[in-house]
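Heads up, the thing below is written out as structure tokens.
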Amino acid sequence: MLQRVQILNVVLILCSLIGYLEWGDENHNFVAEIELQILSGLLMDFKSMIHPLILLPLFGQILLLVSLFSKKWFKWLTYSGIISIWSLYVLLLFIGFTSGQMKIFLFALPFNIIAIVQMFQARKYKTIRTNNA
């Protein structure tokens with residue numbers, strides 16, 4: 001049963017990379033592309049990269065990775081990771097819905113659905129030692 005939680009964490013990380021952003025006339029990127037630009041530009045211009053909507057989802061992905069590879073699985077790591085990434089994806093869902101930009105809405109939908117499923121799935125478990133130990 002714990003494997004299901006770990007698989008959902010992997011799916012959540014992957015879904016957090018496929019978010020689609022569109023702004024202006026011809027500007028559009030996936031979240032994965034933006035994260036690569038952020039991480040490559042982090043060393044050059046640190047101050048421009050410090051923004052909650054940039055750092056929180058990135059921090060959430062790191063928490064989900066830590067939760068995935070730690071010797072013990074902690075529910076709070078998964079919850080914290082999901083909530084951190086949700087700060088961006090709920091906003092994307094809202095923007096896509098209210099502005100009628102279906103690409104933004106549809107690319108944000110998988111993360112939101114799987115995050116809800118994972119929250120209900122993770123409720124069943126307490127701190128568990130994984131097979132990696």
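The values are calculated or read from the model by the stated rules, or taken from the named source; none is laboratory data. Predicted model only: the values in this text are computed from it and were never measured. We place every Cβ from the backbone using ideal geometry, glycine too, and count neighbours over all the protein chains shown.
Numerical summary
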| quantity | calculated |
| --- | --- |
| Region 99-114, subset surrounded by 12 or more Cβ atoms within 10 Å (Cβ to Cβ) and of a type in the set (S, T, N, Q), residue farthest from residue 4 (Cα to Cα) | 101 |
| Test: residue in region 90-99 that is among the hydroxyl-bearing types (Ser, Thr, Tyr) and more than 15 Å from residue 20 (Cα to Cα) | yes |
| Filter result (surrounded by fewer than 22 Cβ atoms within 10 Å (Cβ to Cβ) and touching a residue at least 24 places away in the same chain (Cβ under 8 Å)) within region 74-91 | 74, 75, 79, 84, 86, 87, 91 |
| Cβ-Cβ under 6 Å pairs, at least 6 apart or on other chains, region 2-20 side buried (at least 16 other Cβ atoms within 10 Å of the Cβ), far side not in a helix (DSSP H, G or I) | 20/30 |
| Residues that are under 13 Å from the mean Cα position of the chain (by Cα) and in a strand (DSSP E or B), drawn from region 1-40 | 20, 30 |
| Only one of 48, 16 that is at pLDDT 85 or above and out of contact with any strand residue (DSSP E or B) (no Cβ under 6 Å at 6 or more places or on another chain) | 16 |
| One residue from 52, 57 being crowded, with 21+ Cβ neighbours inside 10 Å and not hydrophobic (A, V, I, L, M, F, W, C) | 57 |
| Filtered residues of region 69-86 (kept if modelled with pLDDT under 90 and either within 9 Å of the chain's Cα centre (by Cα) or more than 26 Å from residue 106 (Cβ to Cβ) (or both)) | 69, 70, 71, 72, 73, 74, 75, 76, 77 |
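Per-residue answers, yes or no, for (1) out of contact with any helix residue (DSSP H, G or I) (no Cβ under 6 Å at 6 or more places or on another chain); (2) farther than 14 Å from residue 5 by Cβ; (3) part of a helix (DSSP H, G or I):
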| site | (1), (2), (3) |
| --- | --- |
| 55 | yes, yes, yes |
| 60 | no, yes, yes |
| 67 | no, no, yes |
| 76 | yes, no, yes |
| 79 | yes, no, yes |
| 84 | no, yes, yes |
| 87 | no, yes, yes |
| 96 | no, yes, yes |
